[in-house]
1. Please work out which residue is surrounded by the fewest Cβ atoms within 10 Å (Cβ to Cβ), limiting yourself to segment 109-147 and to residues that are hydroxyl-bearing (Ser, Thr, Tyr) and more than 22 Å from residue 94 (Cα to Cα).
2. Considering only segment 101-124, I want to know if a residue exists there that is within 18 Å of the chain's Cα centre (by Cα) and farther than 23 Å from residue 162 by Cα.
3. Could you count how many residues in segment 148-164 are part of a strand (DSSP E or B) and loosely packed, with under 15 Cβ neighbours inside 10 Å?
4. Out of 133, 137, 115, I need the residue that is touching a strand residue (DSSP E or B) at 6+ places or on another chain (Cβ under 7 Å) and either closer than 20 Å to residue 68 by Cα or at pLDDT 95 or above (or both). Which one?
5. Do any residues in segment 83-94 that are on the phi < 0 side of the Ramachandran plot have Cβ atoms under 9 Å from those of residues that are assigned to a loop (DSSP other than H, G, I, E, B) and surrounded by fewer than 15 Cβ atoms within 10 Å (Cβ to Cβ), where the two are at least six apart or on different chains, and which pairs are they?
6. For residue 84, all conditions in the list (1) surrounded by 15 or more Cβ atoms within 10 Å (Cβ to Cβ); (2) not in a strand (DSSP E or B) hold save one; what is the number of the exception?
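The values are calculated or read from the model by the stated rules, or taken from the named source; none is laboratory data. Note that the structure is a prediction, hence the values are computed from the model and not measured. Here Cβ is always computed from backbone atoms with ideal geometry, including for glycine, and neighbour counts include all displayed protein chains.
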Amino acid sequence: MKRILIFIAGFIFLVSVSAQETDVKSSKKNEIGINAGATTGLGLSYRRWFGKVGFQLTGLPIKTDKATIISLGLTALYSFYDAHYVRVYGFLGNHYFVDKESETNQIWDNGSFNGTQKTTYDHSSYNIGIGPGFAFGKVVRFNFMVGYGFYDVLDKFKMYPTGEIGLYYNF
């Protein structure tokens, strides 16, 4: 009788322990890290997965007395294959980039001071990219995206291949 009770208690314990296991893929839907890409953005990055569909938000604001640099990227993601250590997905990246710089130079004529001249550089661009992406790792994931990019879409339209990289903590 004791053996039967021990067997039943052990069986119940094993069933309850196995029921408490969580699937790593379904519990870790958020990723935070850094990203560098011409069509997905440059700087700190956050990803959120909703099943097979996800999005990535990347941004980097820099402001000094002489320069302003703003990078803002929003990327749509679609997962084709997701395992514990590898994810294969597609991306559609959108990146808005602003670069403004100013410099004050002194003007000299034959050794005498003739005043100052302010030089400004102002450039902004909107880039779009599409292609496959690959993520490697379980908790810390290295992401590599390749594809085709459309650069400076609103001004001087250019097309050529793109490569994007990122390093994310998966939680």
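1. First, the residues of segment 109-147 that are hydroxyl-bearing (Ser, Thr, Tyr): 112, 116, 119-121, 124-126.
If we keep only those that are more than 22 Å from residue 94 (Cα to Cα) too, we end up with 112, 116, 119-121.
Working: 112: 7, 116: 9, 119: 9, 120: 9, 121: 10.
So the residue we want is 112.
2. Pass one, segment 101-124, residues within 18 Å of the chain's Cα centre (by Cα): none.
Looking for residues that are within 18 Å of the chain's Cα centre (by Cα) and farther than 23 Å from residue 162 by Cα, one finds none in segment 101-124, hence no.
3. Within segment 148-164, the subset part of a strand (DSSP E or B) is 148-151, 158-164.
The next check asks that each one be loosely packed, with under 15 Cβ neighbours inside 10 Å; those that pass are 148, 158-161.
Residues in segment 148-164 being part of a strand (DSSP E or B) and loosely packed, with under 15 Cβ neighbours inside 10 Å: 5 in total.
4. Details: 137 fails: touching a strand residue (DSSP E or B) at 6+ places or on another chain (Cβ under 7 Å); 115 fails: either closer than 20 Å to residue 68 by Cα or at pLDDT 95 or above (or both).
Being touching a strand residue (DSSP E or B) at 6+ places or on another chain (Cβ under 7 Å) and either closer than 20 Å to residue 68 by Cα or at pLDDT 95 or above (or both) holds for just one of 133, 137, 115, which is 133.
5. From segment 83-94, the pairs are 84/138; 85/138; 89/52.
6. Status for residue 84: all satisfied but (1).
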